[in-house]
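Taken together, the values in this text are just the output of simple stated rules run on the coordinates, not laboratory data. Remember, predicted model here, so these are calculated numbers, not experimental data. Neighbour counts run over all protein chains shown; Cβ positions are idealised from the backbone, glycine included.
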Amino acid sequence: MRTDLSKSDTGVCCFGEYLCAVKTKCMNMTKSFIRRLLLAGVIITAVNANSVNAQENTGFMEEQLNLTQEWDKVFPQSDKVTHSKITFHNRYGVTLAADLYIPKNTDGSKLPAIAVSGPFGAVKEQASGLYAQTLAERGFLTIAFDPSFTGESGGQPRYVASPDINTEDFCAAVDYLSTREDVDPERIGILGICGWGGLAVNAAAIDTRIKATVASTMYDMSRVTANGYFDAADNADARHETRRQLSAQRTEDYRNGTYALAGGVVDPLPEDAPQFEKDYYAYYKTPRGYHGRSLNSNNGWNRTSSLSFLNMPLLTYAGEIQSAVLLVHGENAHSRYFSEDTYKKLQGDNKQLLIVPDAVHTDLYDNLEKIPFDRIEAFYREYLK
């Protein structure tokens, strides 16, 4: 059946005129309605002013953080770089604190930049700061930042981890670096250590501004949380028991009005502790790496931080990363399988796996004879150009 829009039963000659007539009639009805409301003493505003202001006020006021200005790192300060404290914010409204390292004697051109974080449960005064300062000595503008809810960064509650928010922390660091006048926004990379290695790869999967990613001695925190070390508890019953315990802990935390902490590195160290726990102790609990703001050096994460990692696997889209990725791991590290299995997911000839001979997990925190900075620099030089 054909419908003829050139003429209607209303006598309007065309469809356009019909719409115009309807619009005019509606406007007249609206004006009449408003006049009646005004006569009744009702004050009309076009839209609630408070609602409009709330929607239009898209600016962000960063939290004023109490940042330590003295040098309090676990590594010596370099005279080859300029150091200062900066802040930036993520999409969840958390203000993050970072150490900024800029190489001295630059020619004034825009620099390649790298954002560094980790290990998981550490602070920027530990391994991430060492990496950032060393790479700055080699010509990169770098920042080492404390993740949300930890260290000098803001956010409440304290000492909570999140696969989403912590991935966002890396992307927020890229936001900051991309808008600096002295940074080339097309030459930005990231570097994650330990659990932040997995989060760095996760960030590379979502943020195409990241041109090169290094994951050093990485953990997949969602995998180890859900399956235990070496996947020894990779079954539904074990995960259910973990969920049951964490669910009960939520109730207890709410009742107490505070979040129970899981504890940092085991102290005192049992004689039968596995070697990797002894390695953690040797870094976090001794003058070599201890820091007063470090979670691992002290009372650890919130116990319920594990909940989201149980339910939200990282690295789901690692195989779709098109930018360059370098995975670095120690030959004798207990965590080596995380890098090797992640490497199997990656696609393309710009993906590399480097196994460091005779190195354990924590050697890649601070052992300058083991951390392959020459290879890391070469990788960034190749892909941040």
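Worth pointing out:
- Binning the C-alpha pair distances of the range 237-279 at 10 Å intervals from 0 yields a P(r) profile of 23, 29, 37, 12 %, listed from the shortest bin outward.
- Semi-axis lengths, largest first, of the ellipsoid equivalent to the range 155-194 are 24, 12, 8 Å, with √(5λ) applied to each eigenvalue of the Cα gyration tensor.
- Computed label-point distance, nm, for sites ASP253 and GLN347 using a 7 Å Cα→Cβ extension: 3.7 nm
- Subset of LYS344/LYS385; LYS351/LYS385; LYS73/LYS370 violating a 23 Å alpha-carbon distance limit: LYS344/LYS385
- Note on the range 135-283: Cα-only Rg and Dmax are 18.3, 53 Å.
- Each peptide in 340-348, 203-211 gets a packing score, the mean of other Cβ atoms within 10 Å over its residues, and the list from highest to lowest is 203-211, 340-348.
- Loop-resident sites, the range 188-289, for GluC sites (Glu not before Pro), counting at most 10 other Cβ within 10 Å (DSSP): GLU271
- Using distinct alpha-carbon pairs, which all enter the 1/r mean, Kirkwood radius of the range 341-385 in Å: 12.2 Å
- Aspartates and glutamates with Cα under 18 Å of LYS104, excluding same-chain neighbours fewer than 8 positions away: ASP79, GLU137, GLU181, ASP182, ASP184, GLU377
- Ranked by the mean number of other Cβ atoms within 10 Å per residue, highest first, peptides 176-183, 124-131, 146-153 order as 124-131, 146-153, 176-183.
- Distance from the C-alpha centroid of the range 314-332 to that of the range 110-134: 18 Å, rounded to the whole angstrom.
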